[in-house]
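J.: The structure follows.
A short reminder: the numbers here are calculations on the coordinates, not readings from a lab. Please read these numbers as outputs of a predicted model, since none were measured by experiment. Note that each Cβ is placed from the backbone with ideal geometry, even for glycine, and that neighbours are counted across all protein chains shown.
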Amino acid sequence: MPILGAFLSDSFLGRFLVIALGTVTSLIGMSLLWLTAVFPQARPPHCDSPMTGSCVKANSAQLAYLFGSFVLMSIGAGGIRPCSLAFGADQLYDPSNPKNKRVMQSFFNWYYASVGLAIMISITVIVYIQDKAGWVVGFGVPVGLMFISTVMFLLGSPLYIKLMPNRSLFTSFAQVTEAAWNNRDLVLPPMESGGAIWYFHKGSKLITPTEKLRFLNKACMIRSPEDIDMDGRALNPWNLCTVKQVEELKALIKVLPIWSSGIIIAVTISQQSFPVLQANSMDRHLIPGGLKVPAGSFGVFAMITLTIWVAAYDRIIVPLLSKFTKRSQGLSLKERMGFGLVISCVATAVAGLVESKRRAAAIRQGLADNPYGVVHMSAMWLVPQHCLIGLAEGLNAIGQIEFYYSQFPKSMASIGVALFTLGMAVGNLIGSLIVSILNKVTKTHGRVSWVSNSLNKGHYDYYYWLLAALSVVNVFYYLLCIWAFGSTENENKVEWDEGDGMEDELEADDHAKGKGSAIVFPH
């Protein structure tokens, strides 16, 4: 859904309107979910013994109502997630400010930290309210918070910078692809020769295509003056595109390999249900006889680590690193993403070691056949893996988002952010696929599955080590991807036209030029 929301935003509706529609839709979906707790008719009757299998199941209408609320929340998230960060960045973007790069980096860091803080509240305070006050209050509180959020966002409308799209990116990408194919018989001259005549609009900073993915340059190469109308527009946009259109598609294609390298860490981050099972089987007291941590709240340690890391990195580490790296942002975006991937390898290896120790203790204590037995082992052993995951996410996820944002023009910023959420979604799906395949393969010939419902009979430690091995392979794949991507230094970076309506100011004698030459078409 974030991909759809991003294209609607950057192609048709604009970020403000998509966020507004997404917020209202999310509020409606959450309200419907809350009503399943308010009205008994909206859910099956309460069952005291679900393990016996004698409970009354939900009927078709109840399931349709429940799934309808999930669909609305998904649609709403598809509008909010890809656009909110990009919309916030629009408010702060000021290329005339020499410190703008540092300002934008701080914004990305603190935005993600605020998301981490929200997750911490949801898995502690909200979970506590749901446990103690029931689902009516437990679902009602988030609905109330979402209502306040919706009202506050809409009240701020007059204050916002709102960038409106002027064309469909889907159509633009399709035009470039077809134009390059239609012009496949053209011979591209060497870039340094200046022999080609490229099509661009008046005032555009993009007058010559880059060398990478050169076959796409044929889409903006003018065959003859007959390709251009009297008003300077291409007669057939499916045969001739602007340099900017070509570079936009190139930007998307070039980041896809690096994007794919973030899928495995998304798998690691998404596997939150297994640590909950582990925590349930361990002593969850912070201190003997003291506060008992809910099994579902151990993820808060990852969020605490992420938030502390963001604050320390932004305020302490970056100023120190900048003295040595001579870069205002400290580590480069590629370095941040790479370090995050390496730490995720360590996190999954630690998770495997802890599970191996927990399982051995359970068997030693005679709990091999008792999946609900509590092992005499502190659940605080799970904290290091959560902290490492939080650190890995703080490095890789924020680095990914900022990297995508830096590689696209502002008109495509929502798509850049949506790539990250798409990667997380694909990671969830692949994580589920890995579990399904492991379950099928490892339980053959009468053996117990590695991911058995009985935690002590299974081998979740093997599962974690498999993820660790995949993560190590992924690090080398990432290194290959950044080598293929090449430098991101200023000399190789595309200077985008940034949302000033240039493409509508057309004059024929400014549309088609070669390097250092101009073609003037008769009026």
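J.: Under 17 Å Cα-Cα from Lys334, which lysines qualify once same-chain neighbours fewer than 8 residues away are excluded?
T.: Straight-line reach from Lys334, under 17 Å: Lys101, Lys254, Lys326, Lys493.
J.: Within a Cβ distance under 14 Å of Asn456, other residues only, what is the Lys/Arg minus Asp/Glu net charge?
T.: Taking every Cβ under 14 Å from that of Asn456, the sum is +2.
J.: Okay, moving on. Run the lone-cysteine check on the chain: no other Cys C-beta under 4.7 Å from the residue's C-beta.
T.: So far as the 4.7 Å Cβ criterion goes, Cys83, Cys220, Cys241, Cys345, Cys387, Cys481 stand without a partner in the chain.
J.: Moving on. Taking 2.2 N^0.38 Å as the expected size of a compact globular protein, what ratio does the Cα radius of gyration of segment 169-241 give against it, to two decimals?
T.: So segment 169-241 has a normalised radius of gyration of 1.04.
J.: Can you give the three extents of the C-alpha atoms in the chain along their principal axes, from longest to shortest, in whole Å?
T.: Principal-axis extents of the Cα atoms in the chain, largest first: 89, 51, 49 Å.
J.: Scan the chain and hand back the longest stretch that contains none of the GluC sites (Glu not before Pro) lying in DSSP loops with at most 14 other Cβ atoms within 10 Å.
T.: 212-488
J.: Report the Stokes-Einstein translational diffusion coefficient (µm² s⁻¹, integer) for segment 249-485, Rh taken as the Kirkwood radius over Cα pairs, at 10 °C with viscosity 1.306 mPa s.
T.: Roughly 83 µm²/s, to the nearest whole number.
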